[in-house]
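See structure below.
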Amino acid sequence: MSSGFADLDDAFFRPSVNALTPYQPGKPVEDVQRELGLERVVKLASNEGPFGPFPAAAEAIANGVADLNRYPDGGAFRLHAALAARHDVDSAEIAVGSGADGCIDMVSQAILDPGDEVVSGWPSFPSYVIYARKQGAEPKLVPLVDHRYDLEALLEAITPRTKLVYICLPNNPTGSMNTTEELDAYFERVPDHVLTVVDQAYFEYIDRPDYPDAVERYLKAGRKVIVLRTFSKIYGLAGLRVGYAVGPQRCIASMAKVRRPFDLTTPAQAAAVASIGDAAELERRRAVNSEGLARLEVLLREHGFDPVPSVGNFVYVETGTDANELFDRLLREGVIVRPLAGFGAATAIRVSVGTPDELDFFAAALDRVLQTAV
């Protein structure tokens, strides 16, 4: 239904924006309940942790309610200081943003001009592509090999026009990772005119000797790299949107110039600061995720699927056909998963690790869906 408002032709807008396909988030639980009349809906679509904020973070949020009439600390001083201490770097080497996604946007705005090139594996996180195209830059997408980033092929795709190379570690949506040995070899060969962005949004879930801490191993060794982290996953703060980048001071200063004022709310800053340092809760959640990940892979195999082995809190599953078909059938059973056309994998879905009860619900829904399809 048209509002009758005076509108403008496409020619009025930037061509790079007209050509964009917006990021499509997972469907909210409330929308599915309302649209389909379902009493219970389980969301396993967006790689959120199944648990809420850490206890100290929940307390910090509650304690700050009375001050919500005031603008947030625009410089996020306490959060910058806490993250600098956490990584043993200077505060000027930390940029905070509205999720790691917000940091990707800042990197793109600060660095990319029309005609510049960005190299990334594909399928991978769509924001690398969307934010590059928004700036008029050209993404060069390198196919994965065995669902993993092909770092050799990434190097071969670099040209004199390349400014950024993204390495998603582990890769979203496939859950695969490159090893320390592979990353070492990449950094030995990457040209000096390129800035590498290592996206470690799922860093806290992984406890493997061959998985590198990119801040310690590469940034502190003098490599030209920005490392991304987030509080949206294991810390249970996806609804507050807190991410950050650790990188060279000039890169961080340039990102700060394009950051929106007050983009991190007061509760977000307080909750993030309060989340740092609870090693016991972090380890508990890591262990629960490990158990849930193993169970999710087993139940998918029991239903005839072949999930890609994952090190994150989600699994990637090829369906053999348009993934929207399975997505729609599961949706009607009250389970939201993620079809992956927007990530470059139109025949695959991604399923997040939930609580044991949520995985039981998913298994029962899968039973009904596959029986109906026979």
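The values are calculated or read from the model by the stated rules, or taken from the named source; none is laboratory data. The structure presented is a predicted model; accordingly, all values stated were derived computationally and were not measured. Neighbour counts are summed over all protein chains in view; Cβ atoms, including those assigned to glycine, are modelled from backbone coordinates with ideal geometry. Heads up: the accessible areas ignore ligands, DNA and RNA and are worked out on the full protein's heavy atoms, side chains in. Shrake-Rupley method; radii C 1.70, N 1.55, O 1.52, S 1.80 Å.
Which residues, counting only those in the stretch 127-173, are of a type in the set (Phe, Trp, Tyr) and under 20 Å from residue 188 (Cβ atoms)?
If the condition is that a residue be of a type in the set (Phe, Trp, Tyr) and under 20 Å from residue 188 (Cβ atoms), then 149, 166 are the ones that fit.
Could you tell me which residue of the stretch 1-49 is most open to solvent (accessible area, probe 1.4 Å), considering only residues that are more than 30 Å from residue 361 (Cα to Cα) and in a helix (DSSP H, G or I)?
For the stretch 1-49, the residue satisfying everything is 12.
Filtering the stretch 288-304 down to residues that are open to solvent by 30 Å² or more (accessible area, probe 1.4 Å) and touching a helix residue (DSSP H, G or I) at 6+ places or on another chain (Cβ under 7 Å), which residue is farthest from residue 174 (Cα to Cα)?
303
Tell me which residues, restricted to the stretch 142-170, are over 18 Å from the mean Cα position of the chain (by Cα) and not in a loop (DSSP other than H, G, I, E, B).
142, 143, 145, 151, 152, 153, 154, 155, 156, 157, 162, 163 - these are the residues of the stretch 142-170 that are over 18 Å from the mean Cα position of the chain (by Cα) and not in a loop (DSSP other than H, G, I, E, B).
Looking at (1) under 12 Å from residue 265 (Cβ atoms); (2) free of Cβ contacts under 8 Å to residues at least 60 places away in the same chain, which one does residue 85 not meet, given that it meets all the others?
The number of the failed condition is (1).
Tell me, please, whether a residue that is in contact with a helix residue (DSSP H, G or I) (Cβ under 8 Å, 6 or more places away or on another chain), open to solvent by 10 Å² or more (accessible area, probe 1.4 Å), closer than 21 Å to residue 95 by Cβ and of a type in the set (A, V, I, L, M, F, W, C) can be found in the stretch 169-177.
no
What are the residues in the stretch 80-94 that are open to solvent by 10 Å² or more (accessible area, probe 1.4 Å) and outside any helix (DSSP H, G or I), if any?
Hits for the stretch 80-94 are 88, 89, 90.
Just checking, how many residues over the stretch 101-121 are open to solvent by 10 Å² or more (accessible area, probe 1.4 Å), of a type in the set (Gly, Ala, Ser) and in a helix (DSSP H, G or I)?
Count: 2.
What number of residues within the stretch 333-362 are over 18 Å from the mean Cα position of the chain (by Cα) and either more than 26 Å from residue 123 (Cβ to Cβ) or without any contact (Cβ under 8 Å) to a residue 60 or more places away in the chain (or both)?
Adding up the residues that qualify gives 9.
Checking residue 350 against (1) in a helix (DSSP H, G or I); (2) open to solvent by less than 30 Å² (accessible area, probe 1.4 Å); (3) over 13 Å from residue 50 (Cβ atoms); (4) not β-branched (Val, Ile, Thr), which single condition isn't satisfied?
(1)
How many residues are small (Gly, Ala, Ser) and open to solvent by 60 Å² or more (accessible area, probe 1.4 Å) if we restrict to the stretch 323-342?
Going through the stretch 323-342 one residue at a time, the tally reaches 1.
For the stretch 185-205, give me each residue that is under 20 Å from residue 146 (Cβ atoms) and open to solvent by 20 Å² or more (accessible area, probe 1.4 Å).
185, the sole residue that qualifies.
I need every pair where a residue in the stretch 50-78 that is in a loop (DSSP other than H, G, I, E, B) has its Cβ under 8 Å from the Cβ of a residue that is open to solvent by 90 Å² or more (accessible area, probe 1.4 Å), sequence separation at least 6 or different chains.
Cβ pairs passing all conditions: 71/262; 72/262; 74/261; 74/262.
Report yes if residue 175 is at pLDDT below 95 and either within 23 Å of the chain's Cα centre (by Cα) or within 19 Å of residue 273 (Cα to Cα) (or both), otherwise no.
Against the criterion (at pLDDT below 95 and either within 23 Å of the chain's Cα centre (by Cα) or within 19 Å of residue 273 (Cα to Cα) (or both)), residue 175 does not qualify.
Looking at the stretch 300-314, can you tell me whether even one residue there is closer than 19 Å to residue 86 by Cα and among the aliphatic types (A, V, I, L, M)?
No, the stretch 300-314 contains no residue that is closer than 19 Å to residue 86 by Cα and among the aliphatic types (A, V, I, L, M).
Is there a residue being under 15 Å from residue 91 (Cα atoms) and of a type in the set (D, E, K, R) anywhere in the stretch 263-279?
So far as the stretch 263-279 goes, no, none of its residues is under 15 Å from residue 91 (Cα atoms) and of a type in the set (D, E, K, R).
Given the criterion under 19 Å from residue 272 (Cα atoms), touching a Cys at 6+ places or on another chain (Cβ under 7 Å), small (Gly, Ala, Ser) and modelled with pLDDT of 95 or more, identify the matching residue among 95, 56, 62.
Just a single option satisfies the conditions, and that option is 95.
Report, by residue number, each residue of the stretch 305-322 that is open to solvent by less than 10 Å² (accessible area, probe 1.4 Å) and farther than 20 Å from residue 127 by Cβ.
307, 315, 317
Can you name every residue in the stretch 206-223 that is more than 21 Å from residue 148 (Cβ to Cβ), assigned to a helix (DSSP H, G or I) and open to solvent by 10 Å² or more (accessible area, probe 1.4 Å)?
216, 219
Checking residue 247 against (1) open to solvent by 10 Å² or more (accessible area, probe 1.4 Å); (2) closer than 23 Å to residue 111 by Cβ; (3) at pLDDT 95 or above; (4) not aromatic (Phe, Trp, Tyr): exactly one of these is not met. Which one?
(1)
Does at least one position in the stretch 232-243 carry a residue that is open to solvent by less than 60 Å² (accessible area, probe 1.4 Å) and not in a loop (DSSP other than H, G, I, E, B)?
Within the stretch 232-243 (the criterion being open to solvent by less than 60 Å² (accessible area, probe 1.4 Å) and not in a loop (DSSP other than H, G, I, E, B)), the answer is yes, since at least one residue qualifies.
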